[in-house]
């Protein structure tokens, strides 16, 4: 019987659709070629992987690779890499597991973003408190609590739009009220903390609504500096204060309450232990900040009792640390002295001529001088300048402070200015600074980071015209070294983490990405 069905090949084609054409199976020779190609690809990948591995081992075992010079830090290339399991990390370090121990040069006195006096307090606060912005390892601005910003150059107002998914420890949402309150405390006339010298360009701050905050900047600002907005934001309800007595927060500070990934678990005798907050990711569950004696530091590193610590960088420390297995190093700089200019000064002062303080600051910061500024500096060559400096507690320290002062004012000497140094005891030096009885002064960096009242620090901000209003400049610095365990994989070292401090290097960036290595079995 003849079928009524139309053969497949004779079916009409639907519009836009082509029939599927059957393919001929691969021949044996084609199978052979394909197999050879696959095997060759696998071999090439294995060779490439072996080559990369050998390069890593060679690079990471080299002494030069364990040291990040100051010049490299400035470029932002500071992602610390781990080395293989056979690195020689002490057993005591492996045994701690997710518990990280930081050896502190000084005891932790308080963890308050408004009153941070040491590098370790800065690190601890950055783990508990978040800020509007951060400066990344590459030196570029990164948003943290803020989503975006808008600057009106006509009104000199900078507005931030905030995230709505950042929470304090009690579960309440961080809002513009908390941001405004934090900066209102700093801008208060009664605030005496270390941030005062950096934030003179901010006039006021207002919470527009829960998600928007506006900063009124001084009319001489042409471009806001992101560093001004890297202050850790306080929970307003946890930090009640009288704006006429903000200094009391520096005397008895409330328990730290921020929106960051860690919270304070224990605090006693200069030690502080932080624990990871619920809902935050990361291998590090607890971080202990433990004060140690400098004479015990090397032995503690050898035994693996501490994971991270800092030290002065000199020939002795270099010799010791270069032969220390299981640790890597990063060199950074810390400001040791500041130059103060008396602005405004008395009419009888030699520095009272308009534009002269600007010329001095430009010379100190090694900025280019115009012809008028150069002529002003030339007038000072006819009579030596007198510069009070700290005498120190003995002849040895007096020599160090005098040499530091000369280093700080070396740019002025290059212009032919003669400077007479007047060593004074600290009470007399502080009295002269408070009463403005000086023209030019060099003071050592205070232990609590607080500069004299009225200090406006020149930070080198481009485009802000800050040099016309500043009266201080970081004058001298010294090298220090950060030592960290090789069991910490992907530790990020950020040379710009703390731009409002004498030492900017920090290790707490991207702590959630840090992986704890495990010993080889």
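General observations
- Annotation: extensible slack from residue 165 through residue 218 equals 16.0 nm (criterion: 0.36 nm per residue apart, minus Cα-Cα distance).
- Cα-projected label distance for residue 302 with residue 513, points at 7 Å along beta-carbon direction, nm: 3.6
- The stretch 336-478: relative contact order as a whole-number percent, Cα under 8 Å and 6+ apart: 39
- With the simple spin-label model, which puts each label point 7 Å out from Cα in the Cβ direction, the residue 281 to residue 206 separation comes to 4.0 nm.
- Nitroxide proxy distance, nm - points 7 Å out along Cα→Cβ at residue 27 and residue 434: 10.0
- Per-pair calculated FRET efficiency, R0 = 60 Å: residue 92 and residue 381 via Cβ, rounded to 0.05: 0.45
- For the stretch 395-442: rounded, prolate or oblate by the Cα gyration tensor [a/c cutoff 1.5]: oblate
- For the stretch 381-419 and the stretch 428-489, distance of Cα centres in Å: 16
- Separation of the stretch 315-332 from the stretch 251-283 is 30 Å, based on Cα centroids.
- Stretched out straight at 0.36 nm per residue, the stretch from residue 295 to residue 106 would grow longer than its current Cα-Cα span by 66.7 nm.
- Of all DSSP beta bridges in the stretch 336-478, antiparallel share, percent nearest 5: 55
- For the stretch 172-308, the relative contact order is 18 percent, taking Cα pairs closer than 8 Å that sit 6 or more residues apart in sequence and dividing their mean separation by the residue count.
- Computed log₁₀ I(q)/I(0) - Debye formula, equal Cα scatterers, no solvent, the stretch 336-478, q 0.11, 0.16, 0.20 Å⁻¹: -0.37, -0.82, -1.32
Values quoted throughout were computed directly from the atomic coordinates according to the rules given, and no laboratory measurement underlies them. These figures come from a predicted structure and were not determined experimentally. In this analysis, Cβ positions are derived from the backbone assuming ideal geometry, glycine residues included, and neighbour counts consider all displayed protein chains.
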